[in-house]
Amino acid sequence: MTVSRWTRLRMILTVAVLVGAFSLVLFRTYGLQTAQGARLRKLAERQHTKQVTLPPRRGSIFDRHRTPLAISIDVDSVYANPRQIKPEERLYVASQLADALGLDRWAVAQRLNSERYFVWIKRHITPKQSMRLDQLKLSGVAMVKESNRFYPNGGLASNVVGFVGLDARGLGGLEYAYEDLLRGRGRRVVRLRDALGRPVLASGRMDRPTAGHDIFVSIDRAIQHQAEQAAATAYSQVDPERGWVSIVVIDPQSGDILAMANAPSFDANNFGRSQPGERRNRAVNDAFEPGSAIKVVTLASALEHSAVHAGEIFDTGRGSFKIGRHVIHDSRPYSKLSVEDCLIKSSNICISQIAARLGRRRLFKALQQFGFGTKTGVRLPGERRGTLRDYRSWSDVGLANISFGQGMTATVLQLARAMSAIANDGILMRPRLVTAIRATDGKTMASFEPTGHRIIAASTANKLRKMLNEVTSERGTAPLAALAHYSTAGKTGTAQKADPTTGKYAEDRWVASFVGFAPATNPQIVVAVVVNEPAGKSYYGGDVAGPIFAQVARHALRYRGVEPDRVFASKPTTHRAPRKAPVALQPRQAPALPGSAEVVVPDFTGLSMHQVLETARRIGLQVTLRGSGRAVAQTPGPGPIGDKSCVVEFRPAG
């Protein structure tokens with residue numbers, strides 16, 4: 001049978017069309033599967049999966065006794081899938097969410113008026129709010145567990161510890177400085193969903209989270225608390241616009257920072273309500289002219305280089321001494337002063353003459369050796385190094401100014417570190433804040449041992465301690481810093497502040513400071529107190545900062561179980577009582593309310609168990625003792641009570 005020409009043509013056309021169509025399908029398949037495969041696969045995954053990365057559990061921060069300063073707890077956060085909520089029901093759902101969570105109704109409604117699959121409604125809600133939402137059972141609304149940062153002690157050490165934001169990232173203090181170690185690795189949750197965004201699997205893929213490391217610091221919560229109370233009280237007496245108070249407590253033998261308190265301060269649990277100035281760690285972030293506290297360094301270097309000798313007398317010209325066109329003044333007119341009296345009376349004129357003998361280069365090197373002009377290495381955000389100009393740029397009057405703390409700046413921590421070298425027989429310890437870093441399984445990842453080096457001879461440090469002890473006597477500049485039961489040593493600082501508008505020193509703006517240690521015979525603590533712009537009639541360091549030092553040092557010594565090395569019958573004077581065996585410290589009795597028959601609980605802080613029991617027996621108080629060592633806390637606190645019972649917590653000294 002012959003095939004017609006037309007039929008043959010139709011067969012050829014049909015085959016050509018089929019081949020062309022098949023080629024087109026193959027080309028399109030190649031384009032979708034190979035050329036655009038990766039991109040289209042991602043688009044598909046975005047349509048039927050949802051990824052939510054939840055912040056990891058941050059490591060905790062503990063004080064030296066393993067008391068938590070910052071911890072992470074699991075709390076609920078609320079999110080919604082607007083596609084699962086019918087448009088006509090969105091306003092109702094928004095209203096219910098707003099009432100349950102304390103939010104603005106229209107703001108919530110605006111979030112729900114979206115075609116997105118996921119929107120946050122509120123992060124970190126309270127347990128009560130979680131229960132309310134569980135009862136409402138709103139369509140398209142769900143909760144997920146998140147790790148929330150919590151500071152058990154509120155504002156305690158908040159300037160040091162810092163704070164975190166909603167995304168669990170550190171924003172200040174140690175939280176920021178050690179973010180890479182504290183944060184850990186986040187948890188990525190992948191859920192499958194249908195075309196409407198509804199989950200088709202209750203639980204999808206989940207990455208294994210890695211918790212952050214725990215950090216242990218040298219801060220002692222009890223000493224920190226007392227220092228913060230003292231700072232807050234002193235802050236009420238400074239200029240409210242520009243004033244601040246900062247206190248640093250250091251163990252001179254180890255360099256451990258036991259307390260770093262600032263006022264004003266803030267509550268880390270509510271950092272959003274604070275001002276930037278309240279979140280500032282003044283102890284390391286603010287540098288100021290230290291004033292006469294630097295005289296200790298000048299005299300230390302002079303003694304080291306034999307530029308002066310014991311018993312030498314200096315003519316101070318009745319309070320006025322001319323250097324070139326400039327005149328140096330003392331706060332009081334003195335005629336002649338010994339080397340010892342130069343420090344005890346805090347004479348600018350006397351120390352200027354000593355500095356002239358010492359010379360620019362040697363004084364500059366001494367200041368560097370004591371740590372001025374360099375950071376302490378404590379690794380806190382924004383630490384200042386202070387200013388210390390090269391000695392080759394000093395004039396004669398510039399040398400004099402530097403010798404008594406003008407023309408240079410320092411931080412509170414630098415002052416405390418420098419005085420620690422005198423207290424520690426001439427060995428300058430590196431300030432230690434972080435003592436160890438550990439993983440959540442308890443494995444120690446890093447530990448930091450005390451480190452230091454000698455900068456002056458032990459004999460020089462011993463001479464200076466004896467001189468500084470007399471500074472707190474009646475003939476010195478800081479009798480108000482003396483302690484009744486402990487020998488005390490230290491140096492005052494009273495520095496005029498520069499007026500930024502005139503470039504000259506202001507007549508009404510001062511920085512008052514006192515940095516000292518106790519007991520002077522065997523130093524156990526160093527306390528530096530700086531009061532910026534005191535508003536009272538007195539602005540001298542001994543009058544303003546001295547009493548604050550005494551308050552903090554007294555508590556710290558008793559709390560750490562340091563035995564008294566002196567006993568006074570009344571107010572301390574230069575006439576010391578004969579050396580006797582240490583007497584038992586008596587509890588400080590809280591005042592009773594007029595006409596009250598209730599038992600008045602004394603302040604047991606710093607007492608031994610035997611002393612607490614004896615006092616409780618005497619006043620008819622039932623006490624429950626917890627721990628061992630010295631009393632550090634009590635419930636209820638000092639004052640009248642009705643049930644005649646009290647719980648006292650103890651902790652070993654150290």
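Annotations
- Boolean, Thr460 is polar (S, T, N, Q) and modelled with pLDDT of 95 or more: yes
- Residue match in the range 141-152 (condition: touching a Gly at 6+ places or on another chain (Cβ under 8 Å) and polar (S, T, N, Q)): no
- Filter result for Ala512 (part of a loop (DSSP other than H, G, I, E, B) and at pLDDT 95 or above): no
- Subset of the range 365-400 [surrounded by 22 or more Cβ atoms within 10 Å (Cβ to Cβ) and more than 30 Å from the chain's Cα centre (by Cα)]: Ala400
- The range 553-654 holds strands (runs of 3 or more DSSP E) entirely within its bounds, and those carrying 3 or more residues that are at pLDDT below 70 and surrounded by 12 or more Cβ atoms within 10 Å (Cβ to Cβ) map to 639-641.
- Residue count for the range 302-355 under the criterion of being closer than 15 Å to Gly405 by Cβ and of a type in the set (Gly, Ala, Ser): the result is 5.
Residue by residue, here is whether (1) out of contact with any Cys (no Cβ under 9 Å at 6 or more places or on another chain); (2) touching a residue at least 60 places away in the same chain (Cβ under 8 Å) holds:
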{"residue": "Tyr334", "(1), (2)": "no, no"}
{"residue": "Ser346", "(1), (2)": "yes, yes"}
{"residue": "Ala355", "(1), (2)": "yes, no"}
{"residue": "Gly386", "(1), (2)": "yes, yes"}
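- Single match in Arg454, Arg430 (criterion: in the same structural domain as Gln524 (by TED's automatic domain parsing), without any contact (Cβ under 8 Å) to a residue 40 or more places away in the chain and more than 16 Å from Thr521 (Cβ to Cβ)): Arg454
- Members of the range 143-184 found to be part of a helix (DSSP H, G or I), among the hydroxyl-bearing types (Ser, Thr, Tyr) and touching a helix residue (DSSP H, G or I) at 6+ places or on another chain (Cβ under 9 Å), listed by number: Ser158
- Checked against the criterion of being in contact (Cβ under 8 Å) with a residue 40 or more places away in the chain, more than 17 Å from the chain's Cα centre (by Cα) and at positive phi, the candidates Gly291, Gly319 yield just one match: Gly291.
- Checking each residue of the range 202-210 against the condition of being in contact with a Pro (Cβ under 6 Å, 6 or more places away or on another chain) and either surrounded by fewer than 24 Cβ atoms within 10 Å (Cβ to Cβ) or outside the structural domain of Pro519 (by TED's automatic domain parsing) (or both) gives at least one match.
- When the range 117-139 is filtered for residues that are under 25 Å from Gly165 (Cα atoms) and not hydrophobic (A, V, I, L, M, F, W, C), the ones remaining, listed by number, are Tyr117, Lys122, Arg123, His124, Thr126, Pro127, Lys128, Gln129, Ser130.
- Of the criteria (1) touching a residue at least 24 places away in the same chain (Cβ under 8 Å); (2) assigned to a strand (DSSP E or B); (3) closer than 27 Å to Met408 by Cα; (4) out of contact with any Ser or Thr (no Cβ under 6 Å at 6 or more places or on another chain), which one Glu507 fails: (1)
- The number of residues in the range 52-106 being part of a loop (DSSP other than H, G, I, E, B) and exposed (fewer than 14 other Cβ atoms within 10 Å of the Cβ) comes to 4.
- Checking each residue in the range 518-545 for being crowded, with 24+ Cβ neighbours inside 10 Å, within 12 Å of Ile250 (Cα to Cα), touching a Leu at 6+ places or on another chain (Cβ under 8 Å) and not small (Gly, Ala, Ser) picks out only Ile525.
The values are calculated or read from the model by the stated rules, or taken from the named source; none is laboratory data. Since this is a predicted model, take the numbers as computed values, not measurements. Glycine also receives a Cβ, built like all others from the backbone with ideal geometry; neighbour counts cover every protein chain displayed.
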